[in-house]
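A.B. asks: The structure under discussion is supplied below as structure tokens; questions concerning it will follow.
The values are calculated or read from the model by the stated rules, or taken from the named source; none is laboratory data. Not measured: the values here are computed from a predicted model. Reconstructed Cβ throughout: ideal geometry from the backbone, glycine too, with neighbour counts over all protein chains shown. These accessible areas exclude ligands, DNA and RNA; they are computed on the full protein's heavy atoms, side chains included. Shrake-Rupley method; radii C 1.70, N 1.55, O 1.52, S 1.80 Å.
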Amino acid sequence: MSPTITVVGIGADGMAGLSRTSRDELAGATVVYGSPRQLELLDDTVTRDRREWPSPMLPALPTLFGDADVHVVASGDPMLHGIGATLIRMFGAQRVRVLPHVSSVTLACARMGWTVP
């Protein structure tokens, strides 16, 4: 069985805004990838290895994760033009599990009183 990539969407409110499922996933993670900003949103319940994305990221992705289960923190809804969609295109939906958070688009529309396009 192929290793699993679990993508956890996280908002500016950090761990406090995550569901119990998302918090539990991150607390049990062996390694967590993300941008410096997103990794800084994690609290001390995430005790394992935190790794910043390499630059450039896309060429590194095919061999970056190896044979281990990994977790990725991403902005809000990772399927809204985010890393979740990229990882599914690259590794397949059967290997990638996405736990979204409210997207920046949804938050902006809610604050402005607009319908999400």
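A.B. asks: Of everything in segment 16-51 that's aliphatic (A, V, I, L, M) and surrounded by fewer than 17 Cβ atoms within 10 Å (Cβ to Cβ), which residue is farthest from the chain's Cα centre (by Cα)?
C.D. replies: Among those that are aliphatic (A, V, I, L, M) and surrounded by fewer than 17 Cβ atoms within 10 Å (Cβ to Cβ), it is ALA16.
A.B. asks: Follow-up. Evaluate segment 29-37: report whether one residue or more is touching a strand residue (DSSP E or B) at 6+ places or on another chain (Cβ under 6 Å), part of a helix (DSSP H, G or I) and over 17 Å from LEU87 (Cβ atoms).
C.D. replies: Yes, segment 29-37 contains a residue that is touching a strand residue (DSSP E or B) at 6+ places or on another chain (Cβ under 6 Å), part of a helix (DSSP H, G or I) and over 17 Å from LEU87 (Cβ atoms).
A.B. asks: Go through segment 77-117 and report how many residues are open to solvent by less than 80 Å² (accessible area, probe 1.4 Å), part of a loop (DSSP other than H, G, I, E, B) and aliphatic (A, V, I, L, M).
C.D. replies: Residues flagged as open to solvent by less than 80 Å² (accessible area, probe 1.4 Å), part of a loop (DSSP other than H, G, I, E, B) and aliphatic (A, V, I, L, M) within segment 77-117 amount to 4.
A.B. asks: Looking at (1) in contact (Cβ under 8 Å) with a residue 12 or more places away in the chain; (2) out of contact with any His (no Cβ under 9 Å at 6 or more places or on another chain); (3) loosely packed, with under 12 Cβ neighbours inside 10 Å, which is the only condition THR63 fails?
C.D. replies: (1)
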